Protein chains: 2
Amino acid sequence: MAAIKVHGAAYSTAAMRVLATLHEKDLDYELLHVDMLSGQHKKEPYVSYNPFGQVPAFEDGDLKLFESRAITRYISQQYADMGTALGFADPKKQAVSNLWIEVEAHHFDPNAQKLNFELSVKPKILGLETDQAVVAEYEPKFEKVLDVYEERLSVAQYLGGDSFTLADLHHLPTVQYLLGTSAKRLFESRPRVSAWVADITSRPSWIKVVDLRNQAFNSSKKE
Amino acid sequence: MAAIKVHGAAYSTAAMRVLATLHEKDLDYELLHVDMLSGQHKKEPYVSYNPFGQVPAFEDGDLKLFESRAITRYISQQYADMGTALGFADPKKQAVSNLWIEVEAHHFDPNAQKLNFELSVKPKILGLETDQAVVAEYEPKFEKVLDVYEERLSVAQYLGGDSFTLADLHHLPTVQYLLGTSAKRLFESRPRVSAWVADITSRPSWIKVVDLRNQAFNSSKKE
């Protein structure tokens with residue numbers, strides 16, 4: 001039995017963030033499926049892991065965590081010597097990477113999630129119509145963020161600095177979903193953003209996480 | 001000239017978060033006022049410090065940062081041996097504190113900011129009427145967060161663990177503003193939350209930051 005357990009659905013963006021970190025670190029883990037489509041994450045026993053009823057929850061031995069970005073930070077630091085270094089030993093370099101972790105959480109993610117919900121979740125999963133007014137409101141906001149990224153990627157190879165870190169990794173799930181929508185063109189129209197997206201989404205660890213997501217979707221359809 | 005510079009207004013919740021951290025660490029710093037009421041934070045030269053046009057921005061020698069929670073984390077780690085320890089050396093304890101840092105950012109702050117805007121910024125600064133429908137929408141959401149806090153504070157003295165950490169400190173600015181509004185009763189009706197609020201808002205370093213805020217407000221009125 002693996003010491004590390006992830007409770008969640010492999011199609012959840014927050015769970016995928018944690019799974020990507022575990023794969024980058026070559027860590028064994030057990031994924032305990034929480035069926036979000038039937039609302040398992042809002043009921044006991046799941047809410048005893050996370051009182052806010054959001055996936056994922058995480059266990060490493062006796063340590064219990066939730067909040068995906070706290071989990072990835074823990075894995076990155078606790079298993080610093082394994083797999084990919086997802087941060088910097090130099091505190092000033094790490095501070096800059098942390099800055100872009102905050103930018104993802106407060107600028108990129110809120111807009112990306114709104115667009116993902118309208119362009120992907122509603123039509124593809126919930127069978128609902130996309131609200132084009134919401135798309136028209138959030139696309140320009142999202143583009144402003146991508147413009148800042150285009151500028152940042154002109155002075156650094158990755159958002160967090162000169163190597164791939166959590167600051168990049170945290171973007172992967174929402175980027176991956178948006179690549180399957182009309183929002184793909186917003187990445188493609190910015191050369192440095194486009195190259196960065198191609199780079200980070202082709203990482204072997206990420207391809208494994210996308211496979212797990214696809215399997216989880218297929219299992220859900222059979223249920 | 002102090003090596004540490006904070007660009008921002010002392011009445012900004014994000015700037016207050018950084019100032020509180022500097023005072024807890026007994027660090028000298030220079031506060032360079034950015035007049036938000038006239039929109040200085042949305043124009044050059046400020047946007048060269050933060051392309052998103054939000055305060056504060058931060059300098060420590062040649063290091064330039066923005067995003068308040070990345071700045072406080074840097075100060076806490078870089079000056080770990082000075083003033084108050086705002087985190088834990090034990091990685092599992094720190095992981096739990098990091099979890100509550102995320103909860104503040106993703107659950108507490110969005111609701112607290114909405115209420116603060118309606119109950120404080122609009123009537124007291126902008127001379128606008130409070131939208132009671134928005135208050136009625138966000139108060140129950142905010143109460144659900146406080147219910148989780150009440151539970152958490154039954155097993156730990158502070159949100160982040162057994163001592164005051166960044167997980168608590170990050171709450172101070174919005175808590176302070178809300179104490180001046182009708183939302184105060186939401187804290188008071190929960191005994192452990194109420195005791196925690198009384199504890200953290202009475203810290204000497206915080207009282208200095210509130211003084212700076214009051215001075216900044218008075219200066220703004222004279223301009």
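The values are calculated or read from the model by the stated rules, or taken from the named source; none is laboratory data. Since we're looking at a predicted model, the values are computed, not measured. With ideal geometry, Cβ positions are generated from the backbone for all residues, glycine too; neighbour counts draw on all protein chains shown. Keep in mind that these areas ignore ligands, DNA and RNA; they rest on the heavy atoms of the full protein, side chains included. Shrake-Rupley method; radii C 1.70, N 1.55, O 1.52, S 1.80 Å.
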**In order through region B:45-62: 3J(HN,Hα) via Karplus (6.51 cos²θ - 1.76 cosθ + 1.60), integer Hz, x for Gly, Pro** = x, 4, 5, 6, 7, 9, x, 8, x, 10, 8, x, 10, 9, 10, 10, x, 8
**Request:** Identify the residue of chain B whose Cβ lies closest to the rotation axis that maps chain B onto chain A, and give that distance in whole Å.
**Result:** B:Ala105, 3
**Message:** Leaving out ligands and nucleic acids, and using a 1.4 Å probe, what accessible area per residue does region B:147-221 come to in Å²?
**Reply:** 41 Å²
**Message:** Compute a Gaussian network model of chain A, connecting alpha carbons closer than 10 Å, and tell me which residue from A:Leu126, A:Leu65, A:Leu159 fluctuates the most.
**Reply:** A:Leu126
**Prompt:** So who's got an amide H within less than 5 Å of the one on A:Gln157, skipping anything under 5 residues away but keeping other chains? H placed 1.01 Å off N, in plane.
**Reply:** none
**Message:** For Cα pairs less than 8 Å apart in space and 6+ apart in sequence, what is the mean separation divided by the residue count of region A:91-204, i.e. the relative contact order in percent?
**Reply:** 34 percent
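Quick one: dipole size for region A:91-204, taken about the Cα centre, charges +1 on Lys/Arg Cβ and -1 on Asp/Glu Cβ, in debye to the nearest 20.
In debye, rounded to 20, region A:91-204 gives about 220.
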**Request:** Provide a whole-number value for the mean count of partner chain Cβ atoms within 10 Å of the Cβ atoms in peptide A:95-104.
**Result:** 6
**Request:** Ignoring ligands, DNA and RNA and using a 1.4 Å probe, state the total buried accessible area between A and B in Å², rounded to the nearest 100.
**Result:** 2700 Å²
**Request:** Distances from B:Pro123 to the same position in the other copies: list them in nm, one decimal, shortest first, using label points 7 Å from Cα along Cα→Cβ.
**Result:** 4.5
**Fill in**
Counting only protein heavy atoms and rolling a 1.4 Å probe, one gets per residue an accessible area for region B:4-85 in Å² of 38 Å²
**Message:** Cut-off 10 angstrom, C-alpha nodes, Gaussian network model of chain B. Which of B:Thr130, B:Thr13, B:Thr174 fluctuates the most?
**Reply:** B:Thr130
**Asked** What residue among B:Gly160, B:Gly61, B:Gly87 shows peak mean-square fluctuation when chain B is described by a Gaussian network model with Cα springs under 10 Å?
**Response** B:Gly61
**Complete:** Taking the square root of 5λ for each eigenvalue of the C-alpha gyration tensor of the protein assembly as shown, the equivalent ellipsoid has semi-axes, largest first and in whole angstrom, of 33, 25, 24
**Inter-site label distance for A:Lys141 and B:Val155 at 7 Å from Cα along Cβ, in nm** = 3.4 nm
**Message:** Assume the label is 7 Å from Cα along Cα to beta carbon: what separations in nm does A:Ser48 have to the matching positions in the other copies?
**Reply:** 5.8
**Message:** Averaged across B:67-79, how many Cβ atoms of other chains sit within 10 Å of each residue's Cβ atom?
**Reply:** 4
**Request:** Excluding residues on the same chain fewer than 8 positions from B:Lys184, give the lysines whose Cα lies under 23 Å from its Cα.
**Result:** B:Lys114, B:Lys122, B:Lys124, B:Lys141, B:Lys144, B:Lys208
**Message:** Taking amide H atoms as placed 1.01 Å from N in the peptide plane, list the residues 5 or more away in sequence, or in a different chain, whose amide H sits under 5 Å from that of A:Leu31.
**Reply:** A:Val6
**Listed residue (B:Ala9, B:Gln132, B:Gln78) projecting farthest to the positive dipole end of chain B, Cβ model** = B:Gln132
**Prompt:** Can you list, shortest first and in nm, the gaps between the label point of A:Ala85 and those of its counterparts in the other copies, using a point 7 Å from Cα in the C-beta direction?
**Reply:** 2.7
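I'd like the GluC sites (Glu not before Pro) in region B:3-99 restricted to DSSP loop residues with at most 15 other Cβ atoms within 10 Å, sorted by number.
Sparse-neighbourhood loop GluC sites (Glu not before Pro): none present.
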**Prompt:** Within the accessible area of chain A, what % is carbon and sulfur when the probe is 1.4 Å and the other protein chains stay in place?
**Reply:** 52 percent
